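S.K.: Here you go, one structure.
The values are calculated or read from the model by the stated rules, or taken from the named source; none is laboratory data. Computed from a predicted structure; not experimentally measured. Every residue, glycine among them, receives a Cβ derived from its backbone with ideal geometry; neighbour counts consider all protein chains shown.
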Number of protein chains: 2
Amino acid sequence: MVLPSTAGAEPRKITINDVAKSAGVSRQTVSRALNDKDEIDVDTKQRVLDAARALGYRPSRFARGLVRQDTMTIGLVIPDLLNPFFTEVAAAALEAARSRGWQVVVYDTGDRAEEELGTLQVISSQVDAVIGYFSCPESELEKFTRGMPVVLIGREQRTRFSAITIDGSEGVHAAVAHLVARGHTRIGMLDHHTRAEPSVRHEWFTTAAVAHGIDPGLVVGADQTADGGGAALRAMLAAHPDVTAVFTFNDIIALGALREARRLGRNVPHELAVIGFDGLQLGALVEPPLTSVALDTRGLGALAIEQIARLLSGTEALAADELVVRGELRLSGSA
Amino acid sequence: MVLPSTAGAEPRKITINDVAKSAGVSRQTVSRALNDKDEIDVDTKQRVLDAARALGYRPSRFARGLVRQDTMTIGLVIPDLLNPFFTEVAAAALEAARSRGWQVVVYDTGDRAEEELGTLQVISSQVDAVIGYFSCPESELEKFTRGMPVVLIGREQRTRFSAITIDGSEGVHAAVAHLVARGHTRIGMLDHHTRAEPSVRHEWFTTAAVAHGIDPGLVVGADQTADGGGAALRAMLAAHPDVTAVFTFNDIIALGALREARRLGRNVPHELAVIGFDGLQLGALVEPPLTSVALDTRGLGALAIEQIARLLSGTEALAADELVVRGELRLSGSA
DNA sequence: AGCGCTCCCGTGAGCGCTCACGGGACTGCT
DNA sequence: AGCAGTCCCGTGAGCGCTCACGGGAGCGCT
């Protein structure tokens with residue numbers, strides 16, 4: 001929390017009283033002029049407006065907010081704005097918030113735990129509600145957001161907070177079914193390099209594979225980058241040369257795999273099919289376009305805002321089974 | 001400006017006085033406890049903290065901001081958060097702001113003029129400074145941001161405001177030089193479909209082409225999308241089948257052209273070289289990776305924040321010739 | 001003249017918080 | 001006993017603004 005380095009002349013803040021004095025009227029009249037209210041003479045209004053302009057007056061948002069409590073500011077916390085998935089979510093949330101006249105301040109934690117905590121600390125005194133993707137333990141969250149509406153994104157566990165869960169089981173099932181229908185029998189997964197526990201997406205894959213009588217054991221971990229996806233594909237093909245299709249943890253990894261396949265001279269989709277997860281818009285930028293289990297990120301953002309609104313107004317909040325975004329297989333060129 | 005639909009019970013906001021009463025102390029003691037100040041007994045402090053928690057108290061940011069004027073909020077206005085260029089700029093600005101302890105509220109105007117005006121209206125009463133990419137006339141800007149620090153991005157004209165200009169002349173020159181060195185003699189440009197006047201980037205191209213004795217007339221307009229880039233490439237090749245290299249208005253268009261080239265079976269870079277503009281990170285996602293005249297978006301964001309800080313503090317502001325981000329040719333696979 | 005009405009405009013209060021100050025209680029010292 | 005010093009704590013004021021109210025001036029009407 002750094003003070004705004006107010007070095008220099010510090011011209012003393014101009015208040016509504018200064019304008020009033022300058023225009024020869026009262027505070028209230030100034031207020032009326034600025035807020036476009038009735039009960040004011042046109043000439044007076046103009047005079048006040050002129051005085052305000054001349055003085056460079058701008059109303060204090062704090063004073064205004066204090067008295068008419070009508071400005072909602074919600075904090076959006078994401079791990080990495082440069083990750084297209086979160087960008088899409090952010091854009092959706094922004095849009096949904098705008099339609100309600102709400103402000104959104106965005107915090108990028110850079111996927112670092114310390115930043116996450118620091119952000120929480122700041123946020124707790126700066127916004128009216130929080131939407132975010134947190135990895136810190138719930139107790140920490142609880143500590144800082146006490147009494148504030150919070151909507152989590154992508155948390156798996158049921159929590160004290162509202163959480164929008166992402167359910168890709170059906171979509172992944174459909175993806176595997178599609179691959180099987182195309183004759184693939186050796187299907188690998190490029191999972192996300194996680195600390196210890198395998199990802200939920202991996203579980204979906206396993207379930208789907210088993211359901212189709214496919215060996216679910218062909219799994220390689222990958223960094224959540226294109227390079228990571230490429231490296232993982234190489235590792236996969238080295239370990240299991242007979243793999244003809246891969247499902248990936250997300251689209252970034254899939255794009256890396258696609259690129260790597262081209263470098264290896266393997267034709268996609270004929271010699272190697274690739275299916276990603278997320279359904280990012282940029283999947284359409286590559287050739288062939290990426291087939292993916294797509295999430296409705298717009299819906300996700302809108303859902304989050306909707307739930308915040310309900311929590312805030314005391315209206316009946318959405319139940320956990322309504323706070324779900326389902327993945328849906330979107331076929332394209334890569335599989 | 002919609003009121004936060006405060007239907008329902010409306011449990012009356014809990015203030016510092018409620019906590020004070022509940023803990024049997026004065027306002028000031030509560031304040032001391034919450035702000036971790038001295039001159040308070042440990043037991044009292046704990047008692048106050050407990051009371052605050054029990055009541056679900058959370059301090060009003062407005063009241064707090066009103067008395068200690070130490071929170072800076074800057075508004076970041078961009079046309080489209082889904083456009084990777086602006087995402088990168090936003091991420092950079094966010095980071096630079098964070099290091100100063102400033103808040104950033106993001107506004108996405110969706111590239112619509114009405115939204116731009118609406119945003120300006122809102123912003124003027126909600127933030128302390130503005131960084132943004134505006135297309136509206138300067139007079140409108142002036143009207144809403146009077147007396148507020150403003151830093152524009154990518155505006156060409158000298159203005160009353162601080163503006164960070166993007167100078168790609170050298171970079172484009174280098175790009176054309178590179179193509180010429182590789183033996184290309186027929187170089188086209190996929191320009192941006194603009195209302196009437198050709199883009200500045202087009203001027204740079206023309207200048208560079210002429211300097212190398214190349215015909216600068218091979219220009220086709222394109223939508224600022226990948227599809228637009230693809231269509232433009234088709235049009236270009238139809239009109240000028242002998243073109244062997246294209247320079248594009250930006251990377252999105254370039255990526256579309258790359259994709260189209262692959263669809264047309266033209267090998268990149270051997271049968272068709274492509275050079276983009278912006279240097280987006282996602283240029284590395286495709287194969288071959290995109291060669292581009294890269295802009296330092298991080299630097300751009302940092303520069304904008306720095307200038308805001310100077311304008312705010314009365315320190316000597318950066319001059320126009322310091323507010324420049326230069327494009328630099330970044331060679332990669334596509335040319 | 002007296003009344004009611006409209007049209008303007010100003011005054012007190014208060015939003016919820018922090019800052020500067022004052023002061024009581026208790027200690028240890030001369 | 002008297003005094004300075006420390007440790008807590010509370011009181012008034014004020015941040016800049018809006019809301020609810022009150023009230024004067026001017027009009028037309030009876």
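S.K.: Just to check your reading of the model, which residue among A:GLY110, A:GLY101, A:GLY154, A:GLY65 is more than 30 Å from A:GLY279 (Cβ to Cβ) and without any contact (Cβ under 8 Å) to a residue 60 or more places away in the chain?
M.R.: A:GLY65
S.K.: May I ask you to say which residue of B:ALA309, B:ALA257 is modelled with pLDDT of 95 or more, within 12 Å of chain A (Cβ to nearest Cβ) and part of a helix (DSSP H, G or I)?
M.R.: Of the residues listed, the single one that is modelled with pLDDT of 95 or more, within 12 Å of chain A (Cβ to nearest Cβ) and part of a helix (DSSP H, G or I) is B:ALA257.
S.K.: May I pose another question? Is it fair to say B:PHE144 is out of contact with any Ser or Thr (no Cβ under 8 Å at 6 or more places or on another chain) and either modelled with pLDDT of 95 or more or on the phi < 0 side of the Ramachandran plot (or both)?
M.R.: The answer is no for B:PHE144.
S.K.: How many of the residues making up segment B:18-44 are more than 7 Å from DNA strand D (Cβ to nearest atom), buried (at least 17 other Cβ atoms within 10 Å of the Cβ) and farther than 17 Å from B:ALA63 by Cβ?
M.R.: 2
Matching residues to (1) among the β-branched types (Val, Ile, Thr); (2) part of a loop (DSSP other than H, G, I, E, B); (3) touching a His at 6+ places or on another chain (Cβ under 9 Å); (4) at pLDDT below 95:
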residue: B:THR6; (1), (2), (3), (4): yes, yes, no, yes
residue: B:SER22; (1), (2), (3), (4): no, no, no, yes
residue: B:ILE40; (1), (2), (3), (4): yes, yes, no, yes
residue: B:LYS45; (1), (2), (3), (4): no, no, no, yes
residue: B:ALA92; (1), (2), (3), (4): no, no, no, no
residue: B:ARG100; (1), (2), (3), (4): no, yes, no, yes
residue: B:GLY110; (1), (2), (3), (4): no, yes, no, yes
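S.K.: Right, another one. Just to be sure I understand, how many residues within segment A:61-73 are more than 8 Å from chain B (Cβ to nearest Cβ) and either under 13 Å from the mean Cα position of the chain (by Cα) or assigned to a loop (DSSP other than H, G, I, E, B) (or both)?
M.R.: The qualifying residues number 1.
S.K.: Quick one: is A:ILE252 more than 29 Å from B:GLU287 (Cβ to Cβ), in contact (Cβ under 8 Å) with a residue 40 or more places away in the chain, surrounded by 23 or more Cβ atoms within 10 Å (Cβ to Cβ) and β-branched (Val, Ile, Thr)?
M.R.: no
S.K.: Among the residues of segment B:74-97, write down those that are under 11 Å from B:LEU300 (Cα atoms) and within 8 Å of chain A (Cβ to nearest Cβ).
M.R.: B:GLU88, B:ALA90, B:ALA91
S.K.: From (1) more than 14 Å from every other protein chain (Cβ to nearest Cβ); (2) closer than 24 Å to A:ARG98 by Cβ; (3) modelled with pLDDT of 85 or more, pick out the condition that doesn't hold for B:GLY154.
M.R.: Against the list (1) more than 14 Å from every other protein chain (Cβ to nearest Cβ); (2) closer than 24 Å to A:ARG98 by Cβ; (3) modelled with pLDDT of 85 or more, B:GLY154 comes up short only on (3).
S.K.: While we're here: I'm told B:ALA54 meets every condition in (1) within 16 Å of DNA strand C (Cβ to nearest atom); (2) facing chain A (nearest Cβ under 9 Å) except one. Can you identify the failing condition by its number?
M.R.: Answer for B:ALA54: the failing condition is (2).
S.K.: Take A:GLU138 and tell me if it is within 25 Å of B:ARG98 (Cα to Cα) and surrounded by 14 or more Cβ atoms within 10 Å (Cβ to Cβ).
M.R.: Considered against the rule, which asks whether it is within 25 Å of B:ARG98 (Cα to Cα) and surrounded by 14 or more Cβ atoms within 10 Å (Cβ to Cβ), A:GLU138 comes out as yes.
S.K.: Within the bounds of segment B:98-113, is there any residue that is in contact with a Ser or Thr (Cβ under 9 Å, 6 or more places away or on another chain) and more than 10 Å from chain A (Cβ to nearest Cβ)?
M.R.: Yes, that holds for at least one residue.
S.K.: Still on this structure, please answer the following. Here is a check on your reading of the model: is A:ARG53 at negative phi and more than 41 Å from the chain's Cα centre (by Cα)?
M.R.: So A:ARG53 fails the test.
S.K.: Continuing with this model, one more query. Among (1) more than 7 Å from every other protein chain (Cβ to nearest Cβ); (2) surrounded by fewer than 23 Cβ atoms within 10 Å (Cβ to Cβ); (3) outside any helix (DSSP H, G or I), where does A:GLN126 come up short?
M.R.: Going through the list (1) more than 7 Å from every other protein chain (Cβ to nearest Cβ); (2) surrounded by fewer than 23 Cβ atoms within 10 Å (Cβ to Cβ); (3) outside any helix (DSSP H, G or I), A:GLN126 breaks only (1).
S.K.: Continuing with this model, one more query. Of the conditions (1) within 14 Å of chain B (Cβ to nearest Cβ); (2) touching a residue at least 60 places away in the same chain (Cβ under 8 Å), A:GLY147 satisfies every one except a single condition; which number is it?
M.R.: Result: A:GLY147 fails condition (2) only.
S.K.: Turning to a different aspect of this structure: Being in contact (Cβ under 8 Å) with a residue 12 or more places away in the chain, more than 30 Å from B:ARG98 (Cα to Cα), out of contact with any helix residue (DSSP H, G or I) (no Cβ under 8 Å at 6 or more places or on another chain) and among the β-branched types (Val, Ile, Thr), is that true of even one residue in segment B:231-246?
M.R.: yes
S.K.: Those residues that are within 23 Å of B:LEU94 (Cβ to Cβ) and not in a helix (DSSP H, G or I), I need them from segment B:285-306; list them, please. Show your work before the answer.
M.R.: Step one: list which residues in segment B:285-306 are within 23 Å of B:LEU94 (Cβ to Cβ), which gives B:285, B:294-306.
Scanning segment B:285-306 gives B:LEU285, B:ALA294, B:LEU295, B:ASP296.
S.K.: If you don't mind, another one. Exactly one condition in (1) more than 9 Å from every other protein chain (Cβ to nearest Cβ); (2) not in a strand (DSSP E or B) is false for B:THR119; which is it?
M.R.: (1)
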